[in-house]
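Everything below concerns the one structure shown next.
The values are calculated or read from the model by the stated rules, or taken from the named source; none is laboratory data. The model shown is predicted, which means the values in this text are computed figures rather than measured ones. Cβ placement follows ideal geometry from the backbone for every residue including glycine, while neighbour counts extend to all protein chains displayed. Please note that ligands, DNA and RNA were not included when accessible areas were found on the heavy atoms of the full protein model with its side chains. Shrake-Rupley method; radii C 1.70, N 1.55, O 1.52, S 1.80 Å.
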Amino acid sequence: MHVTGTHFTDRTEAGHRLAARLAHLAGPDTVVVALPRGGVPVAAEVATALDAPLDICVIRKLGVPYQPELAMGAIGEDGVRVLNEQVLRLAGVSDEQLARVEGRERTELARRARRYRGDRPASDLRGRTVVVVDDGIATGSTAKAACRIVRARGAARVVLAVPVAPRDWTDRLSDVADELVCVDTPSPFFAIGEFYADFSQTGDEEVLRLLAEARGRVGHGDGEGNGRQEEPPDGVDRELLLSVAGVRLAGRLTVPAGARGIVVFAHGSGSGRHSPRNRHVARYLNRVGLGTLLFDLLTEAEEPDRRKVFDVGLLGSRLTAVARELERTDGARGLPLGLFGASTGAAAALYTAAELGPAVRAVVSRGGRPDLAGPDVLGRVDAPTLLVVGALDTTVLDLNRQARARLRGANELAVVPHASHLFEEPGTLDQAAELAGDWFLRHLPVTDGSPTAGPATDSRDADDW
């Protein structure tokens with residue numbers, strides 16, 4: 001019988017969902033250890049949710065010589081070696097063939113350990129709870145090696161956590177971990193990648209970036225990595241819990257030093273602060289000197305409710321409350337406010353712009369549905385508004401043109417060539433980010449309060465971007 005398993009958008013979403021299963025492990029004695037490279041994006045989300053340090057455990061799979069994707073074992077740091085005797089026997093791998101593969105992989109293991117960790121020592125795991133994270137389990141050889149390594153380094157409790165694994169994974173691995181956590185165990189199970197929409201290879205640069213971000217988020221001043229939160233010396237980058245209308249909404253506030261303003265993101269269609277596309281845009285805005293707040297408009301319990309996903313009044317009122325809360329938030333207080341909305345979040349952003357009036361200096365919609373805000377709201381929006389739509393997203397493009405005609409304030413429509421609704425085509429999301437950055441820098445005032453440019457005009461329909 002075929003049972004359809006969980007499908008993840010990408011490793012970031014998988015990490016977000018896995019983190020929800022691990023909330024009971026939050027505490028100062030927890031360390032998250034990732035298996036590079038694919039496990040690092042998953043583990044980064046877990047470490048952020050648990051407010052825990054993030055480290056790596058470098059493992060190399062030993063692939064069958066004529067079928068390298070099939071693991072006959074794994075090697076790891078500290079000389080750890082795990083062999084799958086059944087695979088070795090069935091594949092007919094000789095001792096000489098095994099030795100050749102192992103020699104090659106040990107060279108690569110040493111290179112990657114130097115590349116990822118540099119001169120920094122591994123985290124002190126003695127007496128701590130260690131959560132070992134990968135993007136999935138296939139044969140279990142690499143996970144088994146990682147668990148043995150962290151145990152040898154003194155971990156008091158080992159938790160193995162993955163988004164997806166075969167049904168029998170606990171039988172294979174219960175002897176090396178104290179707790180096994182998995183989001184889903186679908187059947188049949190042929191390969192980890194079949195359960196991800198995007199299972200593209202994780203590069204070294206992404207691994208290094210995520211590790212650096214984790215070091216900036218969690219303090220290690222005592223040398224033990226006890227998870228104390230530090231503000232980076234050149235700005236703010238921290239998780240927030242925002243109390244709004246009886247619910248608590250999670251968010252991430254990033255404000256570079258000398259920020260020109262702050263942009264609050266309104267996600268749509270049930271996504272949240274972990275949306276890879278909005279995170280991509282946020283990172284660009286941070287680089288050009290703008291602060292960002294990415295937060296979840298809905299709680300985890302509310303996300304499956306499609307009525308709430310499209311309830312613009314609910315989403316808009318929460319966004320409005322959060323925008324007001326920023327005036328009392330360290331790091332964001334006093335910064336000019338911009339709003340960035342995607343999908344249904346665009347309607348929520350325009351709702352807030354209408355509610356807050358002059359307090360909102362600019363609005364950008366990416367692939368949004370501003371029409372869902374309704375004509376009454378659109379007619380009350382004075383903030384300069386940029387509507388960014390993909391040229392291939394013809395239905396939404398037409399809805400944006402109709403909504404634009406109802407906007408009272410200055411506005412422009414930018415149509416990105418060759419882009420579909422999600423801006424998945426190469427380079428198109430970068431174009432959307434640049435358009436957003438230019439718009440906010442154009443309309444958010446400089447620190448002395450004077451605008452950077454004259455008032456926007458609504459005479460240009462930028463169909464030729």
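Just checking, which of A52, A43, A47, A122 is closer than 29 Å to D198 by Cβ, in contact (Cβ under 8 Å) with a residue 40 or more places away in the chain, outside any helix (DSSP H, G or I) and of a type outside the set (D, E)? Talk me through it step by step, then tell me what you get.
Details: A43 fails: outside any helix (DSSP H, G or I); A47 fails: outside any helix (DSSP H, G or I); A122 fails: closer than 29 Å to D198 by Cβ.
It is A52.
Output the qualifying pairs, or none if there are none: Cβ atoms under 7 angstrom, residues six or more apart or on different chains, first residue in segment 165-177 and over 20 Å from A155 (Cα atoms), second residue polar (S, T, N, Q).
Qualifying pairs under 7 Å: A165/T185; P166/T185; R167/T185; R167/S187; W169/T185.
I'd like the full set of residues that are in a helix (DSSP H, G or I), open to solvent by 40 Å² or more (accessible area, probe 1.4 Å) and among the hydrophobic types (A, V, I, L, M, F, W, C), limited to segment 79-109.
Passing the criteria: L90, A99.
Please verify whether segment 377-385 includes one or more residues that are touching a His at 6+ places or on another chain (Cβ under 9 Å) and either closer than 23 Å to R307 by Cβ or in contact (Cβ under 8 Å) with a residue 12 or more places away in the chain (or both).
The first filter runs over segment 377-385 and keeps only residues touching a His at 6+ places or on another chain (Cβ under 9 Å), leaving 383-384.
Still in the running and either closer than 23 Å to R307 by Cβ or in contact (Cβ under 8 Å) with a residue 12 or more places away in the chain (or both): 383-384.
Yes, some residue in segment 377-385 is touching a His at 6+ places or on another chain (Cβ under 9 Å) and either closer than 23 Å to R307 by Cβ or in contact (Cβ under 8 Å) with a residue 12 or more places away in the chain (or both).
Go through segment 110-119 and count every residue that is closer than 18 Å to E206 by Cα and part of a loop (DSSP other than H, G, I, E, B). Break it down stepwise before answering.
Filtering segment 110-119 down to residues closer than 18 Å to E206 by Cα leaves 111-118.
With part of a loop (DSSP other than H, G, I, E, B) added as a condition, the list becomes 118.
Number of matching residues: 1.
Specify which of the listed residues (A347, A362) is open to solvent by less than 10 Å² (accessible area, probe 1.4 Å) and in contact with a His (Cβ under 8 Å, 6 or more places away or on another chain). Walk me through it before giving the result.
Working: A347 fails: in contact with a His (Cβ under 8 Å, 6 or more places away or on another chain).
Going through A347, A362 in turn, just one is open to solvent by less than 10 Å² (accessible area, probe 1.4 Å) and in contact with a His (Cβ under 8 Å, 6 or more places away or on another chain): A362.
Keeping to segment 313-343, report how many residues are buried (at least 24 other Cβ atoms within 10 Å of the Cβ) and among the hydroxyl-bearing types (S, T, Y).
1
For segment 142-182, what are the residues that are open to solvent by 10 Å² or more (accessible area, probe 1.4 Å), closer than 19 Å to N84 by Cα and either among the basic types (K, R) or modelled with pLDDT under 90 (or both)?
T142, K144, R148, R167, R172, listed by residue number.
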